[in-house]
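**Student:** Dropping the structure in here first, questions after.
The values are calculated or read from the model by the stated rules, or taken from the named source; none is laboratory data. These numbers were taken from a predicted model, which means no experiment stands behind them. Using ideal geometry, Cβ is built from the backbone for each residue, glycine included, and neighbour counts are taken over all protein chains shown.
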């Protein structure tokens, strides 16, 4: 067991103490960096985050990793803190409904205009995040990726995410500056009721407006964030869960696929029980690095949020400052991500065949069939799909539980001299089929157990012909 580590973080007790936040105008939004020290937890939560991602990243798809839930990008507006302080009882939809009932038509018009205004920076943020995901997948399949290049991608992502936050914050400030004292009081009461888990105590409003025909989900997201940010203190909004940095490993997608029944702690417990003490120690290398980096992540992120908060004084946010601080946040987050990825790969290369089967079975218990996202480049799509294969066919494994697939097309079946654990079923198959032709591989990829009855390969196959073709294209590049 690794020595206990301390991670500085705004604790739940602090959240509960500050959940009855100051109303607008009474808040301090000065530029000084808030002191985040003094609220500490041990490394348990960080280990839980890394362990759960060991399952989702090593067994997931690119579509899993690329998925991100509404509100997770530009998460600078305190809604996560509000949800945690409520005991997870509140929802965006309910908070947004009550908030929109307080705003007048002209204020709602500003939110609607923001929907279009945020599209471009939102797209840029998503694209930058996906570039980081593709780099992680190259690392996963054994291609060369340098830490320096990955940190550069992190800086780009962080700057893009901060710019998205700037666009949102500036409009939020515009609305906040137009609120009447009566509106401010009602919004504070809405926050108090939801934080206490008592939304039924909110007085009925008789001025509910008909919402325009827009993206309702994103309008709900904006309205909920507006409430949490403008009624929360800066110290409260600085809160962030330890699982937020490094949202690149597909856990959110697993939660969605499970119907939101999966819990990080439960998944982490299963994974840790599956691993040997030495393998847990490999994950703890990343836990230690993340524990050291997390206070810096929170501190620089808080400095960025102080700049965003000038909008609440009806001032213009400095875009250069936002981009600079965002890039710093992104680099710290990328370092944390890099450490986690490398620790998980080290564990993967030490897994036994039984452990690999157990991980795949664990994934299957939580999910239904995943839809794979298409790529504009066939080889790139094949690489993304191949990321599932390297759990067993890892190119760097010394104790491989499956043969290397480098040069597989045209190679004799069950004839890799570096691998001697072929199943009896595959050895019998090799007596009737000489080599892995592209057509034979395509059939095998569709349904391994149909082509080779009795094979010990645990993967069920790819249903889509386009997916099989993409993998074959990628395998050709490995020759």
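**Student:** Can you tell which of 101, 152, 160 is part of a helix (DSSP H, G or I) and closer than 25 Å to residue 253 by Cβ? Please lay out each step first, then the result.
**Tutor:** Details: 101 fails: closer than 25 Å to residue 253 by Cβ; 152 fails: closer than 25 Å to residue 253 by Cβ.
That would be 160, the only listed residue that is part of a helix (DSSP H, G or I) and closer than 25 Å to residue 253 by Cβ.
**Student:** If a residue must be in contact with a helix residue (DSSP H, G or I) (Cβ under 8 Å, 6 or more places away or on another chain) and assigned to a helix (DSSP H, G or I), how many such residues does the stretch 272-286 contain?
**Tutor:** Here is the first cut: in the stretch 272-286, the ones in contact with a helix residue (DSSP H, G or I) (Cβ under 8 Å, 6 or more places away or on another chain) are 272, 274-275, 279-280, 282-286.
Of the ones still in play, those that are also assigned to a helix (DSSP H, G or I) are 272, 274, 279-280, 282-286.
So the answer is 9.
**Student:** Let me ask something else. Output the residues belonging to the stretch 301-314 that are in a helix (DSSP H, G or I) and surrounded by fewer than 21 Cβ atoms within 10 Å (Cβ to Cβ). Can you show your working first?
**Tutor:** We begin by selecting, within the stretch 301-314, every residue in a helix (DSSP H, G or I); these are 301-313.
Scanning the stretch 301-314 gives 303, 306, 310, 312, 313.
**Student:** Right, another one. Taking the condition outside any helix (DSSP H, G or I) and surrounded by fewer than 21 Cβ atoms within 10 Å (Cβ to Cβ), does residue 122 pass? Explain how you work it out, then say what you get.
**Tutor:** Working: outside any helix (DSSP H, G or I): no; surrounded by fewer than 21 Cβ atoms within 10 Å (Cβ to Cβ): yes.
No; evaluated as a whole, the condition is false for this residue.
**Student:** Has the stretch 137-146 got any residue that is in the same structural domain as residue 330 (by TED's automatic domain parsing), in a helix (DSSP H, G or I) and at pLDDT 95 or above? Break it down into steps so the answer makes sense when it comes.
**Tutor:** Taking the stretch 137-146 first, the residues in the same structural domain as residue 330 (by TED's automatic domain parsing) are 137-146.
So of that shortlist, the ones also in a helix (DSSP H, G or I) come out as 137-140.
Of the ones still in play, those that are also at pLDDT 95 or above are none.
No.
**Student:** List the helices (runs of 4 or more DSSP H) inside the stretch 315-399, counting only whole elements, that have at least 1 residues being at pLDDT below 85 and surrounded by 15 or more Cβ atoms within 10 Å (Cβ to Cβ). Even if it seems obvious, please write down each step before you answer.
**Tutor:** On the way: elements: 319-348, 353-366, 378-386.
Here the list reads 353-366, 378-386.
**Student:** Considering the stretch 85-112 alone, what residues qualify as being more than 14 Å from residue 219 (Cα to Cα) and surrounded by 19 or more Cβ atoms within 10 Å (Cβ to Cβ)?
**Tutor:** Selection gives 85, 86, 90, 102.
**Student:** Would you mind finding the one in 453, 403 that is assigned to a loop (DSSP other than H, G, I, E, B) and more than 37 Å from the chain's Cα centre (by Cα)? Break it down into steps so the answer makes sense when it comes.
**Tutor:** Values: 403 fails: more than 37 Å from the chain's Cα centre (by Cα).
Result: 453 is the single residue among 453, 403 that is assigned to a loop (DSSP other than H, G, I, E, B) and more than 37 Å from the chain's Cα centre (by Cα).
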